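Working notes for the structure below.
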Amino acid sequence: MDFRWLNSLSEEFTGIGIAPTPREVLAMQASVPILAQKHGHDVTHFWGKLTGTQRAYLIIVCYTDGLLGEKTYYASLDGVSWFGLPLVTETLLFHCSHIRSRITGNPLTITKVNHPRKPIPFKEITALIPPKPRNEEEEEEEEQQEPEKEKDEEEEEEEEEELPEYESISITEDQRVACIVFIIDRNGLIFPQDSLLWKDVGHVMLNPLFKTVCDDVTLDDFCRLDKTVRGESARENGIIDTMPLLSEDLPTRGWVISKESFSGVTKISSRLWSGLCFLTKDHMWGTVYLGNGTRNTDFLFATE
C-alpha cells in the first residue's frame, strides 16, 4: 500500500486484523521518508503488521528505480527505528518451513531446527572383486600391516560415533520474519487494471486518469505485477494488459471479493492467509497484511 494513502485507507482496516495504532502511523510518517531518502529509495509502501506473542513488527517495503526495480524490506518495533530484513534463500526457506512455534516479537530470538544427518551413500557396501594372486612376501607384509589398519578403523569408528544423529541449525527471528514476508509477497504486487501505465519498457507509473474500479468488479479486473513482463508489447497509451490475473492465483478460490456500496470500498480477502487483504477506494489501492504469520491450514486441507 502506497505510504501516501495509508492515512485514508487505514480507516478501512477494521475487521482485518490488529491494525497499527494512530501513534504508530504518526511515527512511520515521520521516520519512513527519512529512511527512504537516506538509502535512495523512490517508492515506499506500507506492507503490514506482523503480530508476535510479545510484540509486533511494523513492516514496509521500499522500491529503488520504480515498482519493477529492487525491493528492500524493513521492520520496526515502534515505527521509529528500522532494520533491514535478511536476504531470503531457498535453504533458509527450507529451514524455516520446519519451525512450528509462533514468532515472539524479539528479532534476536534464536530457534533451533534439527535435521537428520544425511548418510554417506554406499558406505557399508564392499566391492565384489576377487583378490589378486599374491606371492608369499606380499602376504607376509599384509599380515604385518593388518593390526595397524584395524587400529585406524577403530579410531575412525569412534570419531563417527561421536557425530550426533541430527544436524542442528540456528535460525534468528528476523530471518523467520523475512521468510514470511517473502512467501506472502512472492507472486507480486496486486493492482487494479488500468491503474498503472507503462512509462517505458522497464518502468511503470500510476495512471492519473484512474478514478475507481467498476461496480460489477471481479477478480479478473485485478492483476499481479510480474517483473518478468516488460512493456515491449504495450498497447497504445501505455495500458498494461499482459500481467497475470489475480483469478489465476493458486490455490483456486483463494480470494473472496466484496464491495461496500455505501463507502465505495472494495475488499479482496485471502482465504489462505488470514489478515491479508487488498483494498481499493476511489483512486487509492493497496495490499496490507495484519496477521500472525501463519497460514490457514483448514483451507489448504479443504482444497486438496
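Here, each number is a calculation from the coordinates, and none is a lab measurement. Values in this document were obtained by computation on a predicted structure and should not be read as measured data. Glycine gets a Cβ as well: all are built from the backbone with ideal geometry, and neighbour counts include every protein chain shown.
Using 0.36 nm per residue of separation minus the Cα-Cα distance, give me the extension gain between D78 and D200 in nm, one decimal.
40.1 nm
Rounded to the nearest Hz, the phi-derived 3J(HN,Hα) couplings of the range 91-99 under the Karplus curve 6.51 cos²θ - 1.76 cosθ + 1.60 (θ = phi - 60°) are 5, 5, 4, 5, 5, 5, 5, 9, 9, where x marks glycine and proline. Modelled this way, with points 7 Å down the Cα-to-C-beta line, the labels at F262 and L93 are 4.3 nm from one another. With the simple spin-label model, which puts each label point 7 Å out from Cα in the Cβ direction, the A30 to T109 separation comes to 2.8 nm. Spin-label point model (7 Å from Cα, Cβ direction): what's the R55 to S247 distance in nm? Result for the modelled spin labels: 4.5 nm.
Fully extending the segment from D298 to R102, taken as 0.36 nm per residue of separation minus the present Cα-Cα distance, adds 68.8 nm.
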